[in-house]
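J.: Here you go, one structure.
The values are calculated or read from the model by the stated rules, or taken from the named source; none is laboratory data. All values derive from a computational prediction rather than experimental measurement. Heads up, the Cβs are rebuilt from the backbone with ideal geometry, glycines too, and the neighbour counts pull from every protein chain shown.
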Amino acid sequence: MTVRLRAHHLLCLLTYIGKGYSLAFTDNMTVIAGRISAGETIEIIEGPDDICAPRLAETSAHCCDESVYNRDLHAAKDVGKILQVPMHTGAKLSLDKGSLRLLRSAFSRNQVRSACNDCQWGELCTHISLNGYEGTIV
């Protein structure tokens, strides 16, 4: 199978330690993180993805907000630059140890965080990166 992700969720996965918007959200994201850790292919999509699924029924879901689409554009540009691959809708990739190492190093140096501006999780993600990504699931 393939995990369908919007581009900025590639960054979220770098620091994911099992915290999220709700229990349903974290349960779902933990399953997806496990699938990716097991080597499942990722397909970049536009708009709500497999991680967004539990939030789509919520009235406060921001999955379709323009600001989130802008995060995706920034993340695709940053991640593509670091991994040296075109990041566009339909692109396929795997997060192996090498690509995770590159992305986490770039994340720690703020080279792939332009998508993270004004994100409510930014402080937590910074803390996780400063602690060497201890406890991350992917």
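J.: Can you tell me which of LYS81, LYS92 is at pLDDT 90 or above and surrounded by 13 or more Cβ atoms within 10 Å (Cβ to Cβ)?
T.: Of the residues listed, the single one that is at pLDDT 90 or above and surrounded by 13 or more Cβ atoms within 10 Å (Cβ to Cβ) is LYS81.
J.: Specify which of the listed residues (THR89, THR136) is part of a loop (DSSP other than H, G, I, E, B), out of contact with any Cys (no Cβ under 8 Å at 6 or more places or on another chain), over 14 Å from LEU5 (Cβ atoms) and not charged (D, E, K, R). Working first, answer last.
T.: Details: THR89 fails: over 14 Å from LEU5 (Cβ atoms).
After ruling out the rest, the residue left standing is THR136.
J.: Further question on the same structure: Name the pairs: first residue in the range 115-134 and in contact (Cβ under 8 Å) with a residue 40 or more places away in the chain and surrounded by 11 or more Cβ atoms within 10 Å (Cβ to Cβ), second residue assigned to a loop (DSSP other than H, G, I, E, B) and polar (S, T, N, Q), Cβ to Cβ under 9 Å, at least 6 apart or on different chains?
T.: The qualifying pairs are CYS116/ASN110; TRP121/THR15; LEU124/THR15; CYS125/THR15; ILE128/THR15; ILE128/THR136; SER129/THR15; TYR133/THR15.
J.: For the range 34-63, enumerate the residues that are of a type outside the set (A, V, I, L, M), modelled with pLDDT of 95 or more and touching a Lys or Arg at 6+ places or on another chain (Cβ under 9 Å).
T.: Answer for the range 34-63, where residues must be of a type outside the set (A, V, I, L, M), modelled with pLDDT of 95 or more and touching a Lys or Arg at 6+ places or on another chain (Cβ under 9 Å): THR41, GLU43.
J.: Sticking with this structure for a sec: Of everything in the range 32-48 that's within 27 Å of LEU130 (Cβ to Cβ) and among the aliphatic types (A, V, I, L, M), which residue is surrounded by the most Cβ atoms within 10 Å (Cβ to Cβ)?
T.: Step by step, filter the range 32-48, then rank; the result is ILE32.
J.: Among the residues of the range 95-114 satisfying the criterion of being free of Cβ contacts under 8 Å to residues at least 40 places away in the same chain and touching a helix residue (DSSP H, G or I) at 6+ places or on another chain (Cβ under 7 Å), which is farthest from ILE36 (Cα to Cα)? Walk me through how you get there before you give the answer.
T.: If we filter the range 95-114 for residues that are free of Cβ contacts under 8 Å to residues at least 40 places away in the same chain, which is where we start, we get 97-99, 101-102, 105-106, 108-111.
Right, trim to touching a helix residue (DSSP H, G or I) at 6+ places or on another chain (Cβ under 7 Å) and you get 99, 102, 106, 108, 111.
Working: SER99: 12, LEU102: 16, ALA106: 20, SER108: 21, GLN111: 23 Å.
Checking each candidate, the answer is GLN111.
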